[in-house]
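Inspection log for the structure reproduced underneath, given as structure tokens.
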Amino acid sequence: MRDVLYLDRVTQAETLLKPQRIEVLRRLAEPRSCTEVAAELDQTPQRVYYHVKRMLDADLVRQVAERRVRGISEGIYQAAARSYWLSPGLVGRIGPGRTRDRLSLGHLIDLMEDVQRDVAALDLTRPDLPSIGVSGEIRVRPEDRAAFLGELQRTLQDLFTRYGGAEGDAFRLAVACYPTGDPDDRV
């Protein structure tokens, strides 16, 4: 089972975004038959199979085994991933293309779309996958904002210059700097 399945087809989103299918999908975090899921949801196995079949067709669920029960073959199914991310591209861009102002919220949203797509494409089954995630909070007085952003930009530019050669493994570095939700805590 993958950690993340990135959904970029409308048919996948349409299949997933039905409350009953989401409940079936949750039950399929571990391999189960439609009969087992139906018992948990107080549904008929046929009704659950209907939803499982649609999710199979959309690559949201996989059949992982099969067993014989009273002479009948019964499929064992499992969710294809632990998390499902919907591509922002499913809605399509409304308005002009990518934002050019690096200090705008639009640029941050464009960057997050790129990061989401890149992370979803990684082979998350590899235990040796080198990556790092860092999060923190910095408090900056309004009169120091320009100096802070300038220093952050210079520091990152130094890293890009020092390690930006043509040899070695390629890494993408994305840094997001945005105000927190509480107006009193804004950077």
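Read-outs throughout are calculated quantities, based only on the coordinates presented, and are distinct from any laboratory measurement. On a predicted model such as this, the values are computed, not experimentally measured, just so you know. Note: ideal-geometry Cβ built from the backbone for every residue, glycine included; neighbour counts use all protein chains shown.
Just in the stretch 122-174: which GluC sites (Glu not before Pro) are loop by DSSP and have at most 10 other Cβ atoms within 10 Å? Could the numbers behind the result be given before it?
Working: sites: Glu137, Glu143, Glu151, Glu167; in loops: Glu137, Glu167.
Answer by residue number: Glu137, Glu167.
From the square roots a ≥ b ≥ c of the eigenvalues of the alpha-carbon gyration tensor of the stretch 13-98, which class results: rounded (a/c under 1.5), prolate (a/b over b/c), or oblate?
Details: a/c = 3.06, a/b = 2.48, b/c = 1.23.
Note, shape of the stretch 13-98 comes out prolate.
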